[in-house]
Amino acid sequence: MAIWSQVEAFVGVDSGADHLLAASVTPAAVIGDLDSLSDHARTTFADILHEVPEQSTTDFEKALVRVAAPLIFGLGFTGARLDHTLSVLNVIAQYPQKAVILIDADDASFLARMGQTTFQAAQGTRVSIMPLGTATVTAAGLQWPFTRTVMTPNGFTSPSNVALGGKVTIETDGPVLITLPRALLSIAAQAAVRAG
């Protein structure tokens, strides 16, 4: 699933607008405190800048609360700095009504909200289930299944679990992040929208 051909609009989040500019993509908006936006991007996108100068929220949160879409792909929000990655995960847990997929070179991660999330995965597919808060979780269709198990960020987690092949079902009453290989982005997208 190629992201560029699947989205209806792009939003530059602060200096993310510079990456869009370099790719010759005009965003629908540029949102953030704009403290790291280049002068060139600031001039080019002057008519679509939405500066939010307060510092009590991150640029990711500033954009997330201002974007309405059935599915949001977040690129460039993981990997570079651990503190930023953790902050993004914190924000996702705070806005469970938003269907967001975080994408990097290797992974596609989305929040499984209250109830049941299902998807198909080939045998041997990596399926990580990581809590972003306290959740009671049942996971089936995996090499290491578990039933009504309390998961917490500082307790039980299930990184690098493995699909048996076929239907994977994850039932939760709290926020858990499901991570699949990026090659399964289309499956992650379908599951994230259903979860939302």
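The values are calculated or read from the model by the stated rules, or taken from the named source; none is laboratory data. Since we're looking at a predicted model, the values are computed, not measured. Counting neighbours? That spans all protein chains shown, and the Cβs are built from the backbone with ideal geometry, glycine included. Ligands, DNA and RNA are stripped out before the accessible areas are found, and what is left, the full protein with its side chains, is counted by its heavy atoms. Shrake-Rupley method; radii C 1.70, N 1.55, O 1.52, S 1.80 Å.
A few notes on this one:
- Counting only protein chain heavy atoms and rolling a 1.4 Å probe, the accessible areas of R182, R194 rank, largest first, as R194, R182.
- Dipole magnitude for the stretch 42-169: about 480 debye, using +1 per Lys or Arg Cβ and -1 per Asp or Glu Cβ, origin at the Cα centre.
- Heavy-atom accessible area ranking, 1.4 Å probe, most first, across K167, K98: K167, K98
- Karplus 3J(HN,Hα) series, Hz, for the stretch 24-36 with 6.51 cos²θ - 1.76 cosθ + 1.60 (x for Gly, Pro): 6, 10, 9, x, 6, 7, 10, 10, x, 7, 6, 6, 10
- Antiparallel %, DSSP beta bridges [both residues in the stretch 69-151], to 5: 65
- Here the Karplus relation 6.51 cos²θ - 1.76 cosθ + 1.60, evaluated at θ = phi - 60°, turns the backbone of the stretch 166-180 into coupling constants of x, 7, 10, 10, 10, 10, 8, 10, x, x, 10, 9, 9, 10, 10 Hz, with x for every Gly and Pro.
- Phi-based couplings in Hz for the stretch 132-139 (Karplus 6.51, -1.76, 1.60; Gly and Pro marked x): 9, x, 7, 8, 9, 10, 10, 10
- Angle of helix 185-195 to the longest C-alpha principal axis of the chain, folded into 0 to 90 degrees and rounded to 10: 80°.
- Relative contact order, whole percent, for the chain stands at 20, derived from Cα pairs under 8 Å and 6 or more residues apart.
- With respect to the chain, whose longest principal axis is taken over its alpha-carbon atoms, helix 82-94 is tilted by about 70°.
- Accessible area, probe 1.4 Å, largest first, for residues V13, V30: V13, V30
- Projected label distance in nm at R194 and E54, using a 7 Å step from Cα toward the beta-carbon: 3.7
- Between the stretch 1-78 and the stretch 126-148, the C-alpha centres lie 33 angstrom from each other.
- Magnitude of the charge dipole, the stretch 8-85, Cβ model with Lys/Arg +1 and Asp/Glu -1, debye to 20: 200
- Residue with peak Gaussian network fluctuation, the chain [Cα springs, cutoff 10 Å], from Q94, Q55, Q120: Q55
- Candidates D83, D107, D33, ranked by Gaussian network fluctuation over the chain, Cα under 10 Å, top entry: D83
- Distance distribution note for the stretch 1-147: the fraction of Cα pairs above 25 angstrom is 35%.
- The charge dipole of the stretch 102-196, taken about the Cα centre with unit charges on the Cβ atoms of Lys, Arg (+1) and Asp, Glu (-1), comes to about 180 debye, rounded to the nearest 20.
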